[in-house]
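Worksheet for the structure shown next.
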Amino acid sequence: MTNQEFTANMATLENLHYSFALRLTRSRQDAEDLVQETTLKAFRNIEKFTPGTNFKNWTATIMRNTFINNYRKMKTRRHINQSVEELSNVIENKNVINNSGEQNMRMEELKQMMDSIRDIYSVPFMMFFQGYEYKEIARDLNIPIGTVKSRIFLARQKMKAMIGSRIAA
């Protein structure tokens, strides 16, 4: 496709592109920016367009993907650029002493639950929890990898059931 053909095709689709962009952004200014960015991306990637296919759908796909990418960027930027009021809690809690008492109590409770599970399940689970890979656990315990995976899965299921019964009680 030549530059003149591209320009002519984009000119015929200008109103459609703008209305589609307006539906996506719900802002005239953002819609105009999106149309302009779409036109630029389409022009830069014109060699990827297959002649004989639908040019309107190709550019609409570029526009939709550009909008989604921009939306995701803005979403993460909002989290990074939080207002001062939202960060005031962090500043106020600077003098708080870090206490791991609650965490230690939970860990003790989980250890008690693990002790109630048979060693056949708890040993592979604890090894996996400590960072061993399936291959290493299988080699150390002299059992097949599939058995290791199965025992870890069953240990998780038993732990979930115990935690669920303690919460319900």
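The values are calculated or read from the model by the stated rules, or taken from the named source; none is laboratory data. For clarity, every value in this text was computed on a predicted model and none was experimentally measured. Glycine gets a Cβ as well: all are built from the backbone with ideal geometry, and neighbour counts include every protein chain shown.
Worth a mention:
- Beta carbons closer than 8 Å, at least 6 apart along the sequence or on distinct chains, pair a first residue in region 44-64 that is farther than 20 Å from LEU34 by Cα with a second that is part of a loop (DSSP other than H, G, I, E, B) for PRO51/MET1.
- Those residues of region 9-18 which are surrounded by fewer than 14 Cβ atoms within 10 Å (Cβ to Cβ) and polar (S, T, N, Q), in sequence order: THR12, ASN15
- Cβ-Cβ under 8 Å pairs, at least 6 apart or on other chains, region 7-33 side without any contact (Cβ under 8 Å) to a residue 40 or more places away in the chain, far side of a type in the set (Phe, Trp, Tyr): ALA31/TYR18; GLU32/TYR18
- Filter result for PHE6 (at pLDDT 90 or above, surrounded by 12 or more Cβ atoms within 10 Å (Cβ to Cβ) and assigned to a helix (DSSP H, G or I)): no
- Selection status of ARG166, of a type in the set (D, E, K, R), closer than 19 Å to MET107 by Cβ and at pLDDT below 90: yes
- All positions within region 123-139 that are more than 31 Å from the chain's Cα centre (by Cα) and either crowded, with 16+ Cβ neighbours inside 10 Å or touching a residue at least 60 places away in the same chain (Cβ under 8 Å) (or both): VAL123, ALA138
- Top-ranked residue of region 19-61 - restricted to ones that are of a type outside the set (Lys, Arg) and part of a loop (DSSP other than H, G, I, E, B), ranked as surrounded by the most Cβ atoms within 10 Å (Cβ to Cβ): PHE49
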